[in-house]
Amino acid sequence: MPFPLAHPAVVLPLRKIQWLSLSAMMLGCLTPDVSYAFRGGLSRLAHTLPGSVLFCLPVGLLGYWLFRAIREPLAALLPAPHRQALLPLCRRREHTWPAIVVSVWIGACSHILLDALTRESQMLVPHLVGMRNEIAAIEREGFRFSRLLWYALSAAGLGTLLLAYALLIRNQTGRWSWVDRRESLRTAAWLAALLLPFLVIAFVGWNPGRHWSWRYHVHHFVYGTVTVYLVVMGCSIGLLGLTLRLRQALSLRRAPEE
């Protein structure tokens, strides 16, 4: 199963369909893995077609509502050129709610389908003609094919998203650079806010005394350290966005009184 943040790359080709919401589809791609935050068999349900409606759709719609509330104040706080690239997208005309519902569901289904094709217990690839001998040879060398497929798809998905974002900046600003020297202090502040929590979480979670193989260390790092970091930063950015949104709403309410 690919890394959660790599899943949204699957729906990028659908961005040319005007009546679908790309942001809603990308959020929908993340919803099945939200189930891992809850105990019980919810994760199994969330990775099924009925679960895409019973769990993923409500979670995705809630996430989209939150995203729509905080995206503009957060984008306005970013340094250039990210602010110039993202603010116009935040101010575009909204899609209808039926389109958003369909978009979230398509994103969730794409996640479920990709996981079903790559999950170790039901991978499609080993059943392809001509692949069994190659896979057996790889596993004789001590590598699990499912794990290699996980790394490959995760790297490909994340790389595709980074490339798409780089192209967005290029199209919106006319430059490839991700840093504007005129706003170096703001850029440094954002980098510090993003990197320092990661370093703290990585330091706290690091345990070199365990007799693990280097492959298991990498797997533990991705599933442990990176997952905790993403949860912490997601909650922090969400709270920051809601605070900015509330402050913006209060200032607009006071303006007519003054």
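Every number here is computed from the coordinates shown, using simple stated rules; none is lab data. Remember, predicted model here, so these are calculated numbers, not experimental data. Quick reminder, even Gly has a Cβ in these numbers, built from the backbone with ideal geometry, and neighbours come from all protein chains shown.
Taking region 97-111, which residues are over 11 Å from Ala24 (Cα atoms) and touching a residue at least 40 places away in the same chain (Cβ under 8 Å)?
Of all residues in region 97-111, those over 11 Å from Ala24 (Cα atoms) come to 98, 109-111.
Correct list: Cys109, Ser110, His111.
Kindly provide the set of residues from region 45-66 that are without any contact (Cβ under 8 Å) to a residue 12 or more places away in the chain and more than 20 Å from the chain's Cα centre (by Cα), ordered by number.
Listed by number, the residues that qualify are Leu45, Pro50, Leu54.
Counting only helices (runs of 4 or more DSSP H) wholly contained in region 14-102, the ones carrying 2 or more residues that are under 22 Å from Ala116 (Cβ atoms) occupy 22-34, 42-46, 57-77. Take Arg44 and decide whether it is closer than 30 Å to Ala193 by Cβ and of a type outside the set (A, V, I, L, M, F, W, C). Against the criterion (closer than 30 Å to Ala193 by Cβ and of a type outside the set (A, V, I, L, M, F, W, C)), Arg44 does not qualify.
Just checking, does region 70-78 include any residue being under 22 Å from Leu153 (Cα atoms), of a type in the set (Gly, Ala, Ser), free of Cβ contacts under 8 Å to residues at least 40 places away in the same chain and touching a Lys or Arg at 6+ places or on another chain (Cβ under 9 Å)? There is no residue in region 70-78 that is under 22 Å from Leu153 (Cα atoms), of a type in the set (Gly, Ala, Ser), free of Cβ contacts under 8 Å to residues at least 40 places away in the same chain and touching a Lys or Arg at 6+ places or on another chain (Cβ under 9 Å).
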